[in-house]
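The values are calculated or read from the model by the stated rules, or taken from the named source; none is laboratory data. Please read these numbers as outputs of a predicted model, since none were measured by experiment. Don't worry about glycine lacking a Cβ; one is built from the backbone with ideal geometry, like all the others, and counts go over all protein chains shown.
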Protein chains: 2
Amino acid sequence: MVLLSECRSRVILLLSLSVIMGLLNGSGVEARIRRYKWEVKYEYRSPDCLKKLVITINGQTPGPTIRAQQNDTIIVELTNNLLTENVAIHWHGIRQIGTPWFDGTEGVTQCPILPGTTFKYQFVVDRPGTYLYHAHYGMQREAGLYGSIIVALPDGQSEPFTYDYDRNIILNDWYHKSTYEQAAGLSAIPFQWVGEPQSLLIHGRGRFNCSSLTIPTLDTGVCNTTNPDCGPFRLIVVPGKTYRLRISSLTALSALSFQIEGHNMTVVEADGHYVEPFVVQNLFIYSGETYSVLVKADQDPTRNYWITSNIVSRPANTTPGLAIFNYYPNHPRRSPPTSPPAAPVWNNSRPRIAQSQAIKARRGYIHPPPSLSDRVIVFLNTQNTINGNVRWSVNNVSFTLPHTPYLIALKENLTHAFDQNPPPDGYDFVNYDIFKEQENKNATLGNGIYRLNFNSTVDIILQNANTMNKNNSETHPWHLHGHDFWVLGYGEGKFDMFNDPRKYNLDNPIMKNTVPVHPYGWTALRFKADNPGAWAFHCHIESHFYMGMGVVFAEGIEKVGNLPSSIMGCGETQGHYRP
Amino acid sequence: MVLLSECRSRVILLLSLSVIMGLLNGSGVEARIRRYKWEVKYEYRSPDCLKKLVITINGQTPGPTIRAQQNDTIIVELTNNLLTENVAIHWHGIRQIGTPWFDGTEGVTQCPILPGTTFKYQFVVDRPGTYLYHAHYGMQREAGLYGSIIVALPDGQSEPFTYDYDRNIILNDWYHKSTYEQAAGLSAIPFQWVGEPQSLLIHGRGRFNCSSLTIPTLDTGVCNTTNPDCGPFRLIVVPGKTYRLRISSLTALSALSFQIEGHNMTVVEADGHYVEPFVVQNLFIYSGETYSVLVKADQDPTRNYWITSNIVSRPANTTPGLAIFNYYPNHPRRSPPTSPPAAPVWNNSRPRIAQSQAIKARRGYIHPPPSLSDRVIVFLNTQNTINGNVRWSVNNVSFTLPHTPYLIALKENLTHAFDQNPPPDGYDFVNYDIFKEQENKNATLGNGIYRLNFNSTVDIILQNANTMNKNNSETHPWHLHGHDFWVLGYGEGKFDMFNDPRKYNLDNPIMKNTVPVHPYGWTALRFKADNPGAWAFHCHIESHFYMGMGVVFAEGIEKVGNLPSSIMGCGETQGHYRP
């Protein structure tokens, strides 16, 4: 009896404890599980006043913002209701430590999610900061399937800067042609390029000039500037207050300059890392990047101001993106009395390079990089013609995704799934003239990968070059999955392997997951290959990756846990069903 | 030694025989294997002069014609290069005896074929005649993924009619909106119907009136009547010769009248069965039907004649389809000196019913139907509103495809894959007024199926009714997979279960796989449930099946052989890959 009574007390004690733990979880002291149920489907929307089929999540584009605290577990149960089209979603900037199979990169970490299927993504957001999610399958991201992930510090911890309000803005460019039409053109012989975007969206809203439509069509009501979908985004601010604006870009193509008329911005965060603060009038931002800036509503509060996005680095004639910086209590529809501020000169890369170089890790928050690397890989970025198709290549290899995801092929040792020979670690440094049109020598399609020694330190030099057009070199934002890298330096011209490394910033380099390579320039990165898995590294311009501008790194595959069967079902893993 | 020598002679004899057999095979005396390698992808084409993304097979739409002889084995290795979209192809009219898993019906007999995958269809064409193939996934057929299968008699056998030349024409209607845009509208609340087709194609060519475009767009060169893609189809005929024209229809929506100006047509084949010949001036043809007609080039040979297709049964203002019946050696571009013949009055169903009733089995080629049936199922066809969506229903159940194909679910006993309760065998015969707008009582979505006793004889009464609009009833062509059925009769109004069966034609009913149900009418069918498998039976109007107008029959599942793993990989069969 005594024993039984003791036992009962213990049970009660345990029950009470678990209730308390539950309450603690509920109050946010402990890491929480945040569950989302998403339905992905095609719907008509008019983000820039022109009615078009877009992909929505629960009816929205941009999709719902995921808000969490550091170390929370995110569970997204995604139901694909696209009818005949598959889907996959990448959690951009989330390193997926321990869950490389949920990186959402079709062909690299998972098979696509079939129509009618509910796929469960589950991962930990282990660092505070501003991140993104978006489709990573074909060119599906451009159909509007994207959104934000905002990870706060745990309760009781604080940022090294102060602000009154936290606001989020995603920038995008917008095409009227469907992703299928764009892709069919890119794969056509002769090559048919879709051209510059029709409009720029600020948080999903833009304004296409309907009167610029000239060729007749059958559709009625297709372009309507009074559609509420395309009313400009309005950021309401209280005079005197300081705002943390999380600015991110998921453009298909465009490099952007973001500006708030008459207001300076202090850059404090980049890709989830604190930046040694610096002040800008306009923020240059490339597809895949996220920034936080602090803005004080300290101007004449009796009027509103323009928020603008402009295309830089390309001679686009796309109308600027316009939104309203709305001083409360002015009417939000009241247009500013001024003209929107002028855009920077599109082909002057100096201020862009200067801004790239200004981004350093914040004092007190520096992650020191290893002082030496174990391997240096140089990636020459070129345009090529292969079998009559226009392609992009890295060291003359134009990347093609296999149909058995690398992570599964590597883990299950399916050696036929991709070319087992690695692509080259460099190019003909001595003879290749990066200022001349590509001579297209030995350019091939390939799906070989770079195998990195686990825990080794790898340096990547992204070397830009001339395209196939004379006197032309473009800007490429490269994004690395599964890691942050240190940005050691930017330079102009051909990277000098003897002298340039001496100029590396090893003191306070920023860590990022996306970084631009400027025209005719180079960017040097360093990272630790410490995350077991297979990881894409690619130009974040949607069409450039589609056209081959990417590579895959694999490391520590033997340390990868059991793969969930939900990521399988394609290529060599179509597998025999056994009930 | 003697024994050894004898043995050697026998080996030589056997070897010689097999060589001879091989030669015989090559000469077509024995059944052959016919192999096709198809690449399916999106390309720009202008079938009706308006440039649009279409799905091609090896660059063609309509796709390549499969030509074979009775009992040949067809192997199609289909590679899906659609980027993010799956595919499945149905072999329309081929019964798939012994290969129910290759019927190509997504959700019924197979999982969809993923991008990058090569899927091997393999089946026997066991009867001569005119058949079709087309996508059977979402509304993909409308994107241009279709073609003909023509099966000849074995060498030495002959048709019961004579002709000099054999020609093939597929009819279609054509929309400018993509299948995704159409489907998004059909699933939208409120319902957005795409409307009548923009043009009618005769063998993949039509002519849209570009000047009817009125709303401006950005696209340049989008509609061009000088594009060679949309030059009219020309059928060259030699004066005095007789042509067997194989006419088939794969319209998305339209019932058609097909006519050759000034020439009578003798109907001799329908859906692969010989017809007791009868003469028509215009052939009414419904989506999914195939006919052979004999036409003699016996008119004034100094001029050309119009070939036309016109929409009947709907008040469409679509321009007629036009092609040229080109008497050799007149110039093929020479237009006929006359106006195209007038279309039949769209809403007079009498001549259409009369033609349906005129189609009987040819004497000497009659397959007598069983005189009694084991089960009678009545299918009331109605329009409904379910959860705010406009749907079509059968006995108030609107069909939804499950994501685990029925054939696999049945064979592997996956009872959660679909509703195990069968849908009803009839409706409220006494009280339901087929001439009134649907009252929408008890309409539900459902994926239950009809299980038929193996080898039983089943009668199906397709009962048409009023739609949700006053005084409106439409024409629905119903297509049965895996079987031919006897067409026992057509009638007007509500089917009378006591008196109408007495009027059934049991003497010489035609066998078909597709049959129209006329407005406010009924059609009575009989078939033997003698083909082990799971088989769709549905309205062949693409949007109607998408909106729920279909059912599934299952029979003799225990006799179905081992399912190939290639059809699996979706829904509950996504299965764990084991290397």
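Considering (1) more than 25 Å from residue B:515 (Cα to Cα); (2) under 24 Å from the mean Cα position of the chain (by Cα), say which one residue B:202 fails and leave the rest.
Result: residue B:202 fails condition (1) only.
Look at residue B:513 and say whether it is of a type outside the set (Lys, Arg) and within 20 Å of residue B:540 (Cβ to Cβ).
Yes, satisfied.
Could you tell me whether residue A:438 is assigned by TED's automatic domain parsing to the domain that holds residue A:410, among the polar types (S, T, N, Q), surrounded by 15 or more Cβ atoms within 10 Å (Cβ to Cβ) and without any contact (Cβ under 8 Å) to a residue 60 or more places away in the chain?
When the stated conditions are applied, residue A:438 passes them.
Select from the stretch A:527-566 the residues that are part of a helix (DSSP H, G or I) and modelled with pLDDT of 95 or more and write down the one among them that is surrounded by the fewest Cβ atoms within 10 Å (Cβ to Cβ).
Within the stretch A:527-566, the match that is surrounded by the fewest Cβ atoms within 10 Å (Cβ to Cβ) is A:558.
Quick one: would you say residue A:121 is more than 24 Å from residue A:528 (Cα to Cα), more than 12 Å from chain B (Cβ to nearest Cβ), touching a strand residue (DSSP E or B) at 6+ places or on another chain (Cβ under 7 Å) and aromatic (Phe, Trp, Tyr)?
Spelling it out, residue A:121 is indeed more than 24 Å from residue A:528 (Cα to Cα), more than 12 Å from chain B (Cβ to nearest Cβ), touching a strand residue (DSSP E or B) at 6+ places or on another chain (Cβ under 7 Å) and aromatic (Phe, Trp, Tyr).
Exactly one condition in (1) surrounded by 14 or more Cβ atoms within 10 Å (Cβ to Cβ); (2) under 30 Å from residue B:453 (Cβ atoms) is not met by residue B:371; state its number.
It is condition (1) that residue B:371 fails.
In the list A:66, A:74, A:94, which residue meets the criterion of being away from chain B (no Cβ under 14 Å) and either of a type in the set (Lys, Arg) or under 14 Å from residue A:119 (Cβ atoms) (or both)?
A:74
Mind checking which strands (runs of 3 or more DSSP E) fall wholly inside the stretch B:30-123 and carry at least 2 residues that are in contact (Cβ under 8 Å) with a residue 24 or more places away in the chain and aromatic (Phe, Trp, Tyr)?
Counting at least 2 such residues, we get B:33-45.
What pairs can you find where one residue is in the stretch B:493-508 and free of Cβ contacts under 8 Å to residues at least 60 places away in the same chain and of a type in the set (A, V, I, L, M, F, W, C), the other is part of a loop (DSSP other than H, G, I, E, B) and loosely packed, with under 12 Cβ neighbours inside 10 Å, and their Cβ atoms are less than 6 Å apart, with a gap of 6+ or different chains?
none
Hey, among the residues in the stretch B:140-177 that are buried (at least 22 other Cβ atoms within 10 Å of the Cβ), in a loop (DSSP other than H, G, I, E, B) and not aromatic (Phe, Trp, Tyr), which one's farthest from the other protein chains (Cβ to nearest Cβ)?
It comes out as B:144.
Taking strands (runs of 3 or more DSSP E) that do not extend beyond the stretch B:178-271, which have at least 2 residues that are more than 14 Å from chain A (Cβ to nearest Cβ), touching a helix residue (DSSP H, G or I) at 6+ places or on another chain (Cβ under 9 Å) and more than 30 Å from residue A:50 (Cα to Cα)?
B:255-260
Which ones in the stretch A:101-153 are of a type in the set (Lys, Arg) and over 23 Å from residue B:84 (Cβ atoms)?
A:127
When the stretch B:124-139 is examined, which residues are found to be away from chain A (no Cβ under 14 Å), free of Cβ contacts under 8 Å to residues at least 60 places away in the same chain and not in a strand (DSSP E or B)?
B:126
Residues that are touching a helix residue (DSSP H, G or I) at 6+ places or on another chain (Cβ under 8 Å) and in contact (Cβ under 8 Å) with a residue 24 or more places away in the chain: which strands (runs of 3 or more DSSP E) entirely in the stretch B:276-334 hold 2 or more of them?
B:282-285
From the list A:339, A:356, A:373, pick out the single residue that is at pLDDT 95 or above, more than 22 Å from residue A:263 (Cα to Cα), among the polar types (S, T, N, Q) and not in a strand (DSSP E or B).
Selected residue: A:373, the only one of A:339, A:356, A:373 that is at pLDDT 95 or above, more than 22 Å from residue A:263 (Cα to Cα), among the polar types (S, T, N, Q) and not in a strand (DSSP E or B).
Restricting to the stretch B:445-472, count the residues that are over 16 Å from residue B:551 (Cα atoms) and crowded, with 22+ Cβ neighbours inside 10 Å.
Qualifying residue count, the stretch B:445-472: 1.
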